[in-house]
Structures are given as structure tokens and as C-alpha cells.
1. Would you mind finding the one in Lys113, Lys100, Lys109 that is open to solvent by 60 Å² or more (accessible area, probe 1.4 Å) and modelled with pLDDT of 80 or more?
2. Hey, can you tell me all the residues within the range 18-56 that are at negative phi and at pLDDT below 85?
3. Here is a list of conditions, (1) more than 14 Å from Leu450 (Cα to Cα); (2) surrounded by fewer than 20 Cβ atoms within 10 Å (Cβ to Cβ), and Thr407 meets all of them except one; can you say which number that is?
4. Examine the range 219-227 for a residue that is over 22 Å from the mean Cα position of the chain (by Cα), open to solvent by 10 Å² or more (accessible area, probe 1.4 Å), within 30 Å of Ser529 (Cβ to Cβ) and at pLDDT below 90, and state whether such a residue exists.
5. Looking at the range 524-541 only, could you name the residues that are part of a helix (DSSP H, G or I) and open to solvent by less than 50 Å² (accessible area, probe 1.4 Å)?
6. Can you report the number of residues in the range 372-408 which are under 23 Å from the mean Cα position of the chain (by Cα) and either among the hydroxyl-bearing types (Ser, Thr, Tyr) or not in a helix (DSSP H, G or I) (or both)?
7. Quick one: in the range 250-262, which of the residues that are at pLDDT 90 or above and within 22 Å of Met291 (Cα to Cα) is surrounded by the most Cβ atoms within 10 Å (Cβ to Cβ)?
8. Out of Arg498, Arg457, Arg518, which single residue is surrounded by fewer than 22 Cβ atoms within 10 Å (Cβ to Cβ), over 17 Å from Tyr395 (Cα atoms) and at pLDDT 85 or above?
Amino acid sequence: MNGETYKVLIADDEYWSREKLVRMIDWGEYGLKLLKPAEDGEEVLRRVEEEQPDILITDINMPFVDGVELVRRLKISHPEIQVFVVSGYDDFDYVKSTLKSGAINYLLKPVSKMELVKAVSETLDLLYRKKQTHQLQEEQQRKLKLASSWLQDREFSYLIDNTDTLYTAGVSMELNLDITGYTLMLIKIHDLQHIPEGFDKDMQGFSYSLKKKIQEIIRNPAERIFNHVSKPNEFLIISNRDNRVLHKEALACMNELEKLLNSPISVVLSDHNYTMESIYSAYVQDISLLMLRSYERKSVTVVYNREEEKQQKERIEHIFDNAMESRLLSLLEHGNKKQVKGLVFEKLCMEDEKHLRTYLAVKQTLKQINNILLRFYSKGAEPKDIIDMENMNDYVEQSVERLHWETLCELEEDFIDTVMQMTDSEEADSMEAVAKQVRSYIDEHYDQELTLTGLARRYNVEKSYLSRVFKQAAGKNLMPYIAEKRIERGRELIRQNRLSLTEISYLVGYEDYTYFNRVFRKIAGISPSEYRSSLQEENDE
């Protein structure tokens, strides 16, 4: 019955009456587990505590504790148990006293099979309806908790996203931070492509559960934990505890979350601050410290140290200086793709005492290189091609966060191949079947991290050839096609009006809402929030 197994306890002081009920129907067919029958009311009361039956079928006339008293006591101590009584008494007043005590059904001996089946079926239906009601109540409570959690996240995110945010007295007084001061701990999950099973891409549910998990790890209910609403892979903790204590908590969070999420984790501790007015500065400091971590797929903790921060920043130079820019432009003028790639990856991979391959170094170098490529190939290009190139660049930039060096290099190589190919006059051969397969694959997996190199490998073709034939078949390059597919799906989800924009951005493949907003605006001409507002205005008319 509905995939549930319920336990049944039969109670009667007469052996043959018990045995008749036991053998009258095949209890297993009804999804029921029949417990060993009880011989009197006292035994029932004892075994109810031990075995917790869902259904009790009891005789009224039993020694020690009769049926009426048994039903009354169970109604008080175990109201969830469904009880119906069997008796040889046909006195209506006695029947009424039993029903008033809490029995849901009454059967006269001798009980027929059809009467028993009917009573059991009614009881099972009642149990199922109660379960549905309980689940509905639990779901409503869950939604309220998620809504409350999200509202808190939104308010705190507003504090760290705005330089001009006014002092928030309510928050400060509640946390008592103006007296003791606070440290802002940033927990960065670098790869949220595959959140744990059980959430089915329910980002609000995931956020709420992960905050509870972090609370369990740090074991201090006074600390406020919130999820950055536009960056679902960032969790922040406002704590008034000493940084030495927080460092231990940071290590515990890093280790536990790395195992749970199968992702590199960065945990960053800001300097100590004394007013909520400085929370934006504390967040910026955390992000700055995060940029100084090594660019490798491992978890780290970073604790603010003024001298160390100064030394680290002095080491980071503009790797791609004016001389390198001139050299790259010269190679682009000659259309030498192989040497362009050689120069780019020579600089990206540079790692020695002077040029550490930090998060910042990789991000900064990629930005400089790709800006040069965009400026060079945007001259005289069609507006649509410029947007396509910018979308491809956004795709590469987003990938930096995942600390996956091989994938990042693949995407950057794809970007170089594609923008340099835009001016190629080479005719693409017909390869419609493969191009169609690739399009179908993208249409189903647009939310995943896709690369030209990976797709060429999947379909066993040379990637520059695949790039040409795909553009010939689809009318656009591969990365812009993926971006448009994501935004198309994003529009559909916005029209359904059930999810927040941050959740939608994650569902279509953007872990950072900032990138989703940027790409959406380029393709749709308006921001996601403006698009949602326009739909609401249409509905109001």
C-alpha cells in the first residue's frame, strides 16, 4: 500500500479468536507486518512502547486492562496508533464508550473476512491521509525556513555588496559586535557543478542545509552564517571569536566540506573589525586574500597577515607587460595561431620565485591576454560577432574559479581558436551529421562545462574542423551557441516564476549570478530582473 509497511498488533485473551484473526487474511499483501499477538491489555501497553505498532486490533473483554480502558490510555499516550475493537458484546452503550475513548472502528464477533478486510482498508486509507497531511505540514514548514534563510542571506549580502550601505543598528545590536569586534570568514566552494545528491538542484534547500552543516562544524550558535545571494558558492560567517580559535574552525570547515562536496575549498579570515559599517571592507579584504592563494586544485585556509599580504602583492607583477603585448599583437597581425598559443601558455604557466601561479596571477594574465584578442578582432567585426567573442570570454573567466587547470587551458585554447578563425576564409566541408549530434548533445547538457576540445574528443574529429562545420550548420560559433541555449532556458524558468534569479543562473550553468546577468543582458538586451519585471507588468495589464 503506497510503498509503506505498517505494523499490526492483535490483542485477545482467547487463543482461537487470536488465531482466527491472524490467519483470516494475508497481511503481507496489504503492506502490513503482523506482530506476535498479545494476550491481555497490560501486555499491549508494554509492547506498544517496545514495538510501536501502527494499528491495534483488540478485544474489549480482556483481563487486567479491558478494551475500553486500553483505548483510553493509548489515546493519551500514543494518539497516532489506529485502534479498532472486536467483541462479542452487542450492547450499543458499550460500543459508544469504546468509540468515545478513541477507537476508529467496531466489529462484532464472529468477524467475517470481508468485514476485516474493509476495516483494515479503511484504516490504511486513514493512515495514508494522515501521512500526506503530515508531509504537507512538513513541506510548508520547510518552505518557511528556506524563505527565512534566504531573506537573511539577502540582507547580509546587501551589506557586503554595497560600499555606501548605512550602518545597520539592528544587526549590530543583535550580534553585539560594536563592543567585541568581529572577523568575517569567507568559505569559497570552487566547484559547485555537482551538488550532493538529494537536492535535485534545489539551491535554496542546498544553501539551508549547508549552513546547518557549517553550524554543526563551528558549534557556536551565536555566529551568523549567510550565503551570498549572487554567488551561491560563497558562505560567510560573522564571528566575534579570536582568530586563533577561528583558524581551527576554518580548518575543520575546509576538511569537512571538501569531503562532503568533492570540491576544493578556500577558507579566508579577514582582519578584526569593530563596526558593521566596515563589513564591506572586510569582504573585499577576504576576496583580496583569496586571490593570493595558489592556483591548484586543493583546499587552503588563508589568515590575514599584514606583512605577508604586502610581500605577496609585491611579488605579483603585470606578467603580460607592454613588450609582451607588442609581441602578441605582431603574432596576431601575421595570423600565426601556433605561436600565439605558445606565447599565451608560456605566460599562463609561468611559475618561479618572482612569478607565482596564484589565483590572481592566472585571472589577471587571462584578462590581459583576452582583452588584447578582443580589441584586435573587434575592429571592423559585426556587432553580433563582437557579442559572441565577449560571451566566449565570459565563459573562460567563469571557469577560472574552479581551479581546474586542464579545463581552463582547454577553454582558453578554444577561445583563441575561435576568435582567430572568425577571419578565416577557409570553406568548411559538409559534416552535417556530426554537427547535428553535437548540437543535440549541447541542447541536453548546456548546463555543464563544455569545451570545443572535449566535444571534438567525444565525436573523434579535429577541433578546428568541428568548429568550422558547427558554425556552418548552426550559424554561430560553439560557445555563443551554448550561451544562447543557456539564456533561452533561463528565460523559460523566469517565465515560470517559481525560482529566484540566483537559482535560475545556477540551473542553466552559471555558478556566479554576475556572469549570468552579464551574458543575459548581452543576448536579451535587458537584465534578468528587468525581464522578470516586464513579464509581471504584462500580467498586470
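1. It is Lys113.
2. The initial filter retains those residues of the range 18-56 that are at negative phi, namely 18-30, 32-51, 53-56.
Matches in the range 18-56: Gly28, Glu29, Tyr30.
3. (1)
4. For the range 219-227, residues over 22 Å from the mean Cα position of the chain (by Cα), open to solvent by 10 Å² or more (accessible area, probe 1.4 Å), within 30 Å of Ser529 (Cβ to Cβ) and at pLDDT below 90: absent.
5. Ala524, Pro528, Tyr531, Arg532, Ser534, Leu535
6. The number of residues fulfilling the criteria is 7.
7. The selected residue is Ala250.
8. One residue alone meets the criteria, Arg457.
The values are calculated or read from the model by the stated rules, or taken from the named source; none is laboratory data. Here the structure is a predicted model, which means the values were calculated and not measured. Virtual Cβ from ideal backbone geometry, glycine too; neighbours counted across all protein chains shown. Remember, those area values only see protein heavy atoms, side chains included, never the ligands or the DNA or RNA. Shrake-Rupley method; radii C 1.70, N 1.55, O 1.52, S 1.80 Å.
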